[in-house]
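All of the numbers you see were taken from the coordinates with simple rules; none came from a lab. Bear in mind the structure is a predicted one, so any value in this text is a computation, not a measurement. Every residue, glycine among them, receives a Cβ derived from its backbone with ideal geometry; neighbour counts consider all protein chains shown.
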Amino acid sequence: MEKLEKSLREIAEKLLSEKKVDLIIGYERGTRPLRTTPCFVNKTEDVQKLIWDSSCDNNLAKYVVDRKEKVGVVAKGCDARLIAVCIAENQVPKENVIIIGVPCLGVVDRKKVESKLEEKEILEATIEGEKIKVKGEEFELLLAKNDFLCDSCLTCKHRNPPIQDVLVGEEVPELTEVNEFTEVENLEAMAAEERWNHFNGELSKCIRCYACRSVCPLCYCKTCFVDQSIPTWFGKTNDLSDTMIYHIVRALHVAGRCVDCGACSRVCPVNINLRELMKKIEKIVKERYNFKAGLSLEEAPPLGDFKSEDPQEFIK
Amino acid sequence: MKWKVIEKSKLPNLIGELAREYEIFAPVDRKSIGSFERLASGSEVSLDSRNTKKPPKDVFIPQTETLFTYKTGKQEVELAAPQVVIGQRVVLAVRPCDAKSFVLLDKFLSSGEYKDAYYKEKRKNTTIVGLACNHPLSTCFCTSLGGSPHGKEGLDVLLQDINDKYLIEPITERGEKLIEKFPWLKEAERADIDKAKKLSDDAEAAVKSKVSIDGVDNKLDGMFDDPIWEQICQKCLNCGICTFFCPTCCCFDVLDEDGKRIRIWDSCQFSCFTLHGSGHNPRPSGKERMRQRIMHKFNYFVKTHGESFCVGCGRCIQECPVNLDIREVVGAISALPTDKRSDND
Amino acid sequence: MKNVEKGWEPRILAFLCNWCSYAGADLTGISRIQYPPNVRIVRVPCSGRVNPYYIIKALQCGWDGVLVSGCHPGDCHYISGNLVARRRFAVLKDLLEYVGIEPARVNFSWVSAAEGGKFASVVTEVVNEVKALGPAKRLVKVRIEWKNLKNR
Amino acid sequence: MTNPYIPNLTVIRKITTENEAKDIKTFELTFKDSEAMKNFKYRCGQFAEISVFGAGECPIGIASSPMDKDAIQFTVKRVGVVTTALHNSEEGTVMGVRGPYGNGFPMERLEGRNVVIVGGGFAFTTLRSLANFILHKANREKFKDLTVIYGARNPGELIYKYDLEAWKKRDDINLNVTIDSAVPGWKGLVGFVPAVLKDVAPSSDNAIAVVCGPPIMYKFTMPVISELGFSPENVLLSFEMRMKCGIGKCGRCNIGEKFVCKDGPVFTYKEFQRMPKEY
């Protein structure tokens, strides 16, 4: 890790000093255990702030859209793919972004660690190789990092950024054998009513804080459909019907674009597993149109495109 | 009135008796999100856990609230105001920081020329039973805002966990009346009170997070156009987490839906919050919206109501998706040189 | 069918493209072909004009079923409107089914201006299937009554 | 306890289309309950929350003068959900009104002084209320000279043409109506409000200026006002902000610690200068 951090800082410093970018967007240590926070560096002397470890969970692609200056972005596989989607959708000029790719073995899901510790508060945590060392009042534990990774990381098939300008460190082996749709398949196997009750239960927790929308690099619409007032399509209350529709439509809007970075699930303060919806959308697009988002800078999103031979078994 | 004690095992009995007369709201762990909910049964209460994830404000300001209903005919409209309070309420196990939020909300919503009828009516009919914090978290900074883990502000009764028992301390007349309903409660002994005192002192000392709030309000006066807002807001996503989880944030939107005039929680962090009909927006970007939040809490509210609009509960620190830590923000402001004051006063 | 009020009839909202399906529906009438009267028709310029919001909103407003009908592939007045729509509808239909909406409530068809008979049979099929399901409940927020429809 | 969120029921008695674009209309409302009418005591410059049941409510400045006892008027531009619904309403429709809200113009400060009214565009509504109040025969003596400078983009956008006609015939008002640029058939003044204000040059002696218009007009009018010698405390500005509740609770219309709905919408230029620039 330290080696990676060192080389990341060197790259950042070089990009800044050679004026290739005006700003580096990366991670710095946060104020809480297992917490990093987005960091914006525009002076070479500040590159020492930059860090890299498995707690770097924020999706920095969010900060690339709508920027005037040239930026270098520290990007994991998922982040890099999202930047690629934004470039392909003409939201970010390619020449304004330098993707500093970091191979990633998965990020730690704090919620998982916290639930393991139940009511005990973590006061200090460090990630040392394959272990997470957590300390609190009167306890100290060594946890195996792989047991606490985010769900989306467990099935990630692009740990190495498929698109990048500079790579930090060396490529890591990809997971080729995993089935990324197990969760979705389990849900599909349920009866419709069971699924309905399941999603009712999950989404009834929603408090409409829109963190899932705010954190998503693909939600760059100037006015979101739920904020439209003339006409007012769907309500903004926490009524169950409105809430479900919000999440359904948001899932539709990221169809063929979502790369399963897992940010929406991670930020959800009421622990809604939004990946259940996002993964389904990904599966539909993959099965119907054989498309995976974020692997090319040119390919148009599949929902803005068509082929004459597209399947239409559902049409009467 | 003397202090009382109750064995922990007897608490469900007390709740059961209370429930005959009152609507009881208490921390429950539904769907693993701690929140204050109307109790269905005494066994549902979770008093041993940390403070609830959601603040108790929605006992008084539900996320969606009907202001009135209407029926429209051709040339006729019939209005009906809802019955705000069905009966007397008890909110159980409110932490001192959250109890203080009620005091602040009272200052804002129940004072001045216009009073928020819905909030005030509910407050009037509610007895607040607090639960002292014996184990503050690392994100707690109530002591920096004049509070304390065993503070009494805003409470009618204070409970304190003293291992196998709760010590019951009446604070207001209303609280005494509530306790009088349970003549079977035992009187507290000297040892109980001593133990509570010791736990309180330990808890107070355990609040390690300190935010230097002194003078921040004055300093903010001249900081409206300071470049610091640009820096602070950089990573902010403008989601509504900090405001929705804040025990004092109470901004709302009013709209009509299916024969009802309702109000719903709104957030100063959303761009449509201040968007004019003309398309003009006085707070067009994250910078202005973040500034509004900080200014409102630590400057505007101090000017209008005499204290900060923050109780130091730490929820926004725990929940923020990008770790934008309000302690750091206030710290950065208070660390700025003092000559920043504007001179046009 | 449980708990269905007596005499309940499903209400179907149909979005028909102006160039093919609407004309097809017209032909059904001209040819005096009978079909169930449970449908209310919204004429749209193209099936590609049908935003998924329309379908979801219809379900939210208590329509028991929705039908979107357009030109056959290759016949679109705007060349490819129906082809783009086809992808959109496929994703929408799959997703709605996944969250638990009964598949028979959301229907799509290609009906040309010459297929009066097909339109009648599509509507009959949809009505019968929805009838078998009973009144819509999932996703319904307010049920708009027939009698109030014309005022809206 | 009184519930400030419940509106009084009113009926639209008359709708007047004010401009050529037909997106500004004046609605004259009468209260269904005569007691409510009596209790609705307002002063010039205040506003009320108008409810269109089914669409919502929005704050609108009161355009009638407090001297009109039997009805209240609101001039509304069609911009959003509620105003569009209002524009689609017919005479006889039942509306909700609650208020009056806001501080209004400090009439006691205007009494015994010369009053200069400067208005631009659609924001003329509460100024019209003020002018009509001053011009009322029961009040006229309480005020000294009245100067009105009112501008709109073109003649079709001038609102209250009937009032302007009536005022023109009087000798106790110095009326200056201007349009932004010349059009055939327009015989009046041409030029932006600040320029006309400069030409008219009303004396600041024992005078108070009342200004209301779009933000850009403030920007260019204020220097002229100062040049004319008006001290900041003798200039009154009326603000517009996005409001919801009208009573200082919903939290969106503040400029600094002041809520425009409750502490405003009228502020002196002196107060304005101390406010943060966020409007």
*asked:* What are the ³J(HN,Hα) couplings of the stretch A:299-316, residue after residue, when phi is run through the Karplus curve with 6.51, -1.76, 1.60 and θ = phi - 60°? Round to Hz, x for glycine and proline.
replied: 4, 6, x, x, 7, x, 9, 7, 10, 5, 8, 3, x, 9, 5, 8, 9, 6
*asked:* From Cα pairs below 8 angstrom and at least 6 apart in sequence, can you work out the relative contact order of chain B, rounded to a whole percent?
replied: 20 percent
*asked:* At 7 Å along Cα-to-Cβ for each site, give me the label-to-label distance between residue D:274 and residue D:206 in nm.
replied: 2.9 nm
*Evaluate peptide A:236-248: per residue, the Cβ atoms of other protein chains within 10 Å of its Cβ; return the mean as an integer.*
6
*asked:* Taking the number of other C-beta atoms within 10 Å as the exposure measure, put A:241, B:9, C:109, B:212 in order starting with the fewest.
replied: B:9, B:212, A:241, C:109
*Using amide H atoms built 1.01 Å from N in the peptide plane, name the residues 5+ places from residue C:106, or on other chains, whose amide H lies under 5 Å from its own.*
C:66
*Where a label projected 7 Å from the Cα of residue B:231 along Cα→Cβ would reach, residues of the stretch A:1-42 with amide N under 18 Å*: A:23-31, A:37-42
_7 Å from Cα along Cα→Cβ at both residue A:137 and residue B:201: what's the point-to-point distance in nm?_
1.7 nm
*Expressed in whole Å with the largest first, what are the equivalent ellipsoid semi-axes of the stretch B:178-336 derived from the C-alpha gyration tensor as the square root of 5 times each eigenvalue?*
37, 25, 14
*Shielding of A:114-123 by partners, i.e. mean partner chain Cβ atoms within 10 Å per residue?*
2
_Charge-dipole axis of chain D as Lys and Arg at +1 and Asp and Glu at -1 on Cβ define it, positive-most pick from D:226, D:118, D:94_ = D:94
*Where does the charge balance sit around residue D:217 when Lys and Arg score +1, Asp and Glu -1, over other residues with C-beta under 13 Å from its C-beta?*
0
*What is the average number of partner chain Cβ atoms found within 10 Å of a Cβ in B:232-239?*
5
_Exposure proxy ranking, count of Cβ atoms within 10 Å, fewest first, for B:334, B:267_ = B:334, B:267
*What is the order of A:214, C:121, fewest Cβ neighbours within 10 Å to most?*
C:121, A:214
*Given Cα pairs under 8 Å that are at least 6 residues apart, what percent is the relative contact order of chain C?*
36 percent
*PRE reach from residue C:49 (point 7 Å along Cα→Cβ): which of the stretch C:21-39 fall under 17 Å by backbone N?*
C:21-26
_Cleavage-rule hits (GluC sites (Glu not before Pro)) in the stretch A:177-273: DSSP loop, at most 14 neighbouring Cβ within 10 angstrom_ = A:177
*Report the FRET efficiency, 1/(1 + (r/R0)^6), for residue D:162 and residue D:227, where r is their Cβ-Cβ distance and R0 is 45 Å, rounded to 0.05.*
0.85
*Do any cysteines of chain D lack a neighbour Cys whose Cβ is under 4.7 Å away, and which are they?*
D:44, D:58, D:212, D:253, D:261
*asked:* For a Förster distance of 35 Å, can you work out the FRET efficiency between the beta-carbons of residue B:163 and residue B:111, rounded to the nearest 0.05?
replied: 0.30
_0 to 90° range, to nearest 10: angle between helix C:116-133 axis and chain C longest Cα axis_ = 20 degrees
*Label-point separation (nm) for residue D:137 and residue D:16, each offset 7 Å from Cα along Cα-to-Cβ?*
2.0 nm
_Set of lysines with alpha-carbon distance to residue A:19 below 29 Å, sequence-local pairs under 8 removed_ = A:3, A:6, A:43, A:49, A:62, A:68, A:70, A:76, A:94, B:235, B:287
*For chain B, list the DSSP H helices whose alpha carbon atoms reach 15 Å or more along the long axis and whose average Kyte-Doolittle value is 1.6 or above?*
none
*Determine which residues of the stretch A:136-164 fall in the zone a paramagnetic label at residue A:126 would reach in this model, i.e. backbone nitrogen under 17 Å from the point 7 Å along Cα→Cβ.*
A:136-137, A:139-145
*Using only helices, what value at 222 nm comes out for the protein assembly as shown when you add -39,500 (n - 2.57) per DSSP H run of length 4 or more and divide by the total residues, to the nearest 500 deg cm²/dmol?*
-8500 deg cm²/dmol
_Over 25 Å between alpha carbons, listed pairs B:152/B:177; B:53/B:122; A:133/B:297; B:120/B:303_ = A:133/B:297
*FRET efficiency estimate (nearest 0.05) - Cβ-Cβ, residue B:30 to residue A:67, R0 45 angstrom*: 0.60
*Could you list the trypsin sites (Lys or Arg not before Pro) in the stretch D:27-100 that lie in coil according to DSSP, counting only those with at most 11 other Cβ atoms within 10 Å of their Cβ?*
D:41, D:69
*Treating the angle as unsigned and between 0 and 90°, give the value, to the nearest 10°, between the Cα long axis of helix D:125-135 and the longest Cα principal axis of chain D.*
70 degrees
*Sequence neighbours fewer than 8 away in the same chain don't count; with that in mind, list the aspartates and glutamates whose C-alpha is under 15 Å from residue D:161.*
D:18, D:20
*Give a quick list of trypsin sites (Lys or Arg not before Pro) in the stretch A:19-109 that DSSP marks as loop, anything other than H, G, I, E or B, with at most 16 other Cβ atoms within 10 Å.*
A:19, A:20, A:43, A:67, A:68, A:70
*Can you give the relative contact order of the stretch D:207-279 as a percent, counting alpha carbon pairs under 8 Å and 6+ residues apart?*
31 percent
*So which lysines can residue C:141 reach, going by Cα to Cα under 16 Å and dropping same-chain residues fewer than 8 places off?*
A:236, B:260, C:57
_Between residue B:8 and residue B:260, what is 0.36 nm times their sequence separation minus the Cα-Cα distance? Round to one decimal in nm._
86.3 nm
